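The values are calculated or read from the model by the stated rules, or taken from the named source; none is laboratory data. If you're wondering where the values come from, they're calculated on a predicted model, not measured in any experiment. Counting neighbours? That spans all protein chains shown, and the Cβs are built from the backbone with ideal geometry, glycine included. We work out accessible area using only protein heavy atoms, side chains counted, and drop any ligands, DNA or RNA first. Shrake-Rupley method; radii C 1.70, N 1.55, O 1.52, S 1.80 Å.
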Amino acid sequence: MVNRLADATSPYLVQHKDNPVDWWPWCAEAFEEARRRDVPVLISVGYAACHWCHVMAHESFEDEQIAGLLNDGFVSIKVDREERPDVDAVYMTATQAMTGQGGWPMTVFATPEGDPFFCGTYYPKANFAQLLRSVTTAWRDQRSQVIEQGANVVKAIGGAQLVGGPTAPVSAELLTAAANGLLKEQDTTHGGFGGAPKFPPHMNMLFLLRHHQRTGSDEALEVVRHAAERMGRGGIYDQLAGGFARYSVDATWTVPHFEKMLYDNALLLRAYTQLWRLTDDPFARRIADETAEFLLRDLATPEGGLASALDADAAGVEGLTYAWTPAQLTEALGEQDGPWAADLFGVTPGGTFEHGSSVLVLARDIDAADPPLVERWRDVRGRLLAARAGRPQPARDDKVVASWNGLAVTALAEHSTLTGSATTREAALRIAEVLATRHVVDGRLRRVSRDGVVGEPAGVLDDYGCVAEGFLAVHQLTADGVWLDRARELLDVALEHFGTGSGGFYDTADDAEQLVTRPADPTDNATPSGLSSVCAALVAYAALSGEPSYREAADAALATAGPIIGGHPRYAGYAAAVAEAALTGPYEIAIAAPPGQEGPLLAAAHRHAPPGTVIVAGEPDLPGVPLLADRPLQNGVPTAYVCRHFVCDRPVTSPEELTTRLS
């Protein structure tokens with residue numbers, strides 16, 4: 001049996017290389033093989049950090065009996081949803097249409113033409129074996145009905161794509177409706193939205209922070225503050241090493257599903273950084289700093305990018321690395337500090353997790369404690385983290401995903417500009433350079449790389465949007481015109497190859513591989529949609545360059561997301577955040593100053609800028625930096641220009657004047 005997964009760029013595919021299943025990667029040859037053998041296709045979709053993907057792999061795909069059924073009756077294709085989000089999107093839409101729900105692992109049976117005719121998620125071994133036999137029988141004895149079912153599913157999911165639907169231009173009324181909708185849906189007890197399982201609402205937090213700043217809404221700020229505090233004190237946040245898990249299995253943020261994803265932590269880094277900017281809350285600053293440290297310590301790859309995720313499991317056991325009993329705390333810390341830590345971290349004899357163990361939470365307000373207590377807490381954290389290092393550690397999915405690294409570049413750049421951190425500045429520049437030099441091939445983005453080698457999958461829309469937005473953040477960080485040019489090149493590709501012709505965007509390019517449908521999902525889910533991320537970059541690029549056509553494209557695309565922003569704001573958080581910036585202007589702030597003299601004005605600009613403001617500091621008329629063109633010093637001293645649509649107010653030369661102008 002040929003091992004077709006051994007050299008894959010996806011760690012998820014490599015995890016399955018030694019299965020007795022005759023796996024194929026997603027490729028045209030696999031479907032040709034199904035046509036040649038006249039058998040259906042099994043499409044199994046998951047990702048490396050997925051707990052139930054591991055369970056199904058161990059129960060079924062490592063089993064000789066199941067492998068025999070698959071090898072005899074199917075062509076089996078293994079897909080990493082993070083590497084091929086386009087494939088995942090098409091078949092997830094089919095799965096949700098057929099079953100009313102979705103998730104991973106996703107299990108799809110399709111014709112050799114790729115039409116899905118039966119879909120599901122995780123199946124226990126016995127159920128899966130019976131399902132395989134049933135599908136084989138149906139394919140043999142009821143072929144025409146199976147093919148008809150697949151054609152009907154394709155027709156249904158094609159019609160579900162939101163292209164050419166109703167629009168609603170961005171307005172103050174629309175964004176007020178979105179904010180009010182979120183206020184009504186919040187969990188006033190535990191923070192966030194909805195019940196168990198509960199996901200970090202990072203994009204809604206970014207929107208509400210911008211809404212608060214534009215409107216003065218204290219209610220919007222309180223929703224963010226409450227969610228941020230409950231998450232940061234909960235078990236979803238790693239109280240020893242920093243970084244957030246993917247979601248909480250309960251409504252109280254206590255017990256997480258333990259995988260840590262790059263995209264969640266990048267977006268939460270932005271949210272906590274911006275919360276600190278607006279409130280000076282030391283707790284928010286600490287969580288932001290620790291989240292940045294987590295990204296750079298635990299996800300940095302030797303080649304300069306950031307890895308995708310840490311696994312939920314260690315040694316095949318979920319949460320093994322992270323949970324503690326009172327006895328384990330005492331063993332690690334001694335008779336005095338063990339009980340003290342148990343009280344601080346909410347570790348009880350009954351436990352909050354499995355087998356009497358507990359996930360650490362922060363049960364006391366340590367940030368406001370007296371210095372000796374803070375020092376004791378830091379010492380205990382360090383000793384527990386050292387003890388934890390001796391346990392089995394979660395595996396790491398070390399592929400570099402373009403869009404997620406773009407999100408991280410933006411977050412790290414924002415953190416650096418607001419805190420003055422040289423570490424996050426250097427990291428933002430390093431990751432951006434990896435994206436520019438490794439992931440851009442012949443002017444087009446590639447989705448993934450691993451071990452310094454770029455993969456074949458083409459970039460999808462969110463890759464173009466998130467990477468372009470990251471490049472624009474670096475342009476503002478450095479006043480280097482090359483980053484503005486690189487962002488424009490990506491946005492031009494997005495406009496030329498992804499547009500729908502009616503203002504919106506498809507998620508795949510017009511010259512990409514043709515799937516059974518062309519996905520176009522404008523909703524923000526775990527990550528910003530391709531549409532909202534491209535809109536963010538278009539709005540910022542137009543403000544930085546002064547080229548109105550990019551703003552016109554952003555306005556038209558945001559209007560296609562308008563009905564979702566107003567009616568379903570939980571699924572349009574990033575689009576709403578971009579809309580806040582667009583409605584505000586966004587402001588453009590140019591700080592003309594000799595090298596090294598921009599500091600006081602730049603700090604005031606970053607601390608008080610309205611939502612979505614673009615800010616560049618540098619010498620007047622710096623080449624490649626339109627925002628600094630024709631912006632001279634006043635009386636030979638550093639000067640700030642506050643503009644909207646490149647129409648500027650009277651220049652100011654003191655931080656106090658600039659703060660007044662922005663307040």
Helices (runs of 4 or more DSSP H) enclosed by region 527-608 - at least 3 residues per element that are buried (at least 24 other Cβ atoms within 10 Å of the Cβ): 530-545, 548-567, 573-584
Residues located in region 88-104, provided they are touching a residue at least 60 places away in the same chain (Cβ under 8 Å) and surrounded by fewer than 24 Cβ atoms within 10 Å (Cβ to Cβ): Ala89, Thr93, Ala97
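Table: residues versus (1) of a type outside the set (Gly, Ala, Ser); (2) within 12 Å of Met205 (Cα to Cα); (3) open to solvent by less than 10 Å² (accessible area, probe 1.4 Å).
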| position | (1), (2), (3) |
| --- | --- |
| Leu221 | yes, yes, no |
| Gly232 | no, no, yes |
| Ser248 | no, no, yes |
| Trp253 | yes, no, yes |
| Leu267 | yes, yes, yes |
| Ile287 | yes, no, yes |
Candidates Ala245, Ala266, Ala284 - the one that is among the hydrophobic types (A, V, I, L, M, F, W, C), closer than 18 Å to Thr321 by Cβ and at pLDDT 95 or above: Ala245
Criterion violated by Asn405 - all others in (1) in contact with a Lys or Arg (Cβ under 7 Å, 6 or more places away or on another chain); (2) over 23 Å from Arg286 (Cβ atoms); (3) buried (at least 24 other Cβ atoms within 10 Å of the Cβ) satisfied: (1)
Checking Ala138 against (1) without any contact (Cβ under 8 Å) to a residue 24 or more places away in the chain; (2) loosely packed, with under 13 Cβ neighbours inside 10 Å; (3) not hydroxyl-bearing (Ser, Thr, Tyr), the condition it does not meet: (2)
Where Arg631 falls short, out of the listed (1) in contact (Cβ under 8 Å) with a residue 60 or more places away in the chain; (2) touching an Asp or Glu at 6+ places or on another chain (Cβ under 9 Å); (3) open to solvent by less than 70 Å² (accessible area, probe 1.4 Å): (1)
Failed item in (1) open to solvent by 30 Å² or more (accessible area, probe 1.4 Å); (2) not in a loop (DSSP other than H, G, I, E, B), with Leu515 passing the rest: (2)
Total residues in region 19-75, condition in contact with a helix residue (DSSP H, G or I) (Cβ under 6 Å, 6 or more places away or on another chain), farther than 21 Å from Pro394 by Cα, assigned to a loop (DSSP other than H, G, I, E, B) and open to solvent by less than 10 Å² (accessible area, probe 1.4 Å): 2
Condition met for Leu412 (over 18 Å from Arg285 (Cα atoms), modelled with pLDDT of 95 or more, among the hydrophobic types (A, V, I, L, M, F, W, C) and open to solvent by less than 50 Å² (accessible area, probe 1.4 Å)): no
Criterion violated by Thr291 - all others in (1) within 20 Å of Gly420 (Cα to Cα); (2) open to solvent by 10 Å² or more (accessible area, probe 1.4 Å); (3) not aliphatic (A, V, I, L, M) satisfied: (2)
Subset of region 182-193 that is open to solvent by 20 Å² or more (accessible area, probe 1.4 Å) and not β-branched (Val, Ile, Thr) - its residue that is farthest from Leu558 (Cα to Cα): His190
Among the residues listed as Val154, Val163, the single one being in contact with a Phe, Trp or Tyr (Cβ under 8 Å, 6 or more places away or on another chain), among the β-branched types (Val, Ile, Thr) and at pLDDT below 90: Val163
Number of the exception - Pro522 against (1) surrounded by 23 or more Cβ atoms within 10 Å (Cβ to Cβ); (2) modelled with pLDDT of 95 or more: (2)
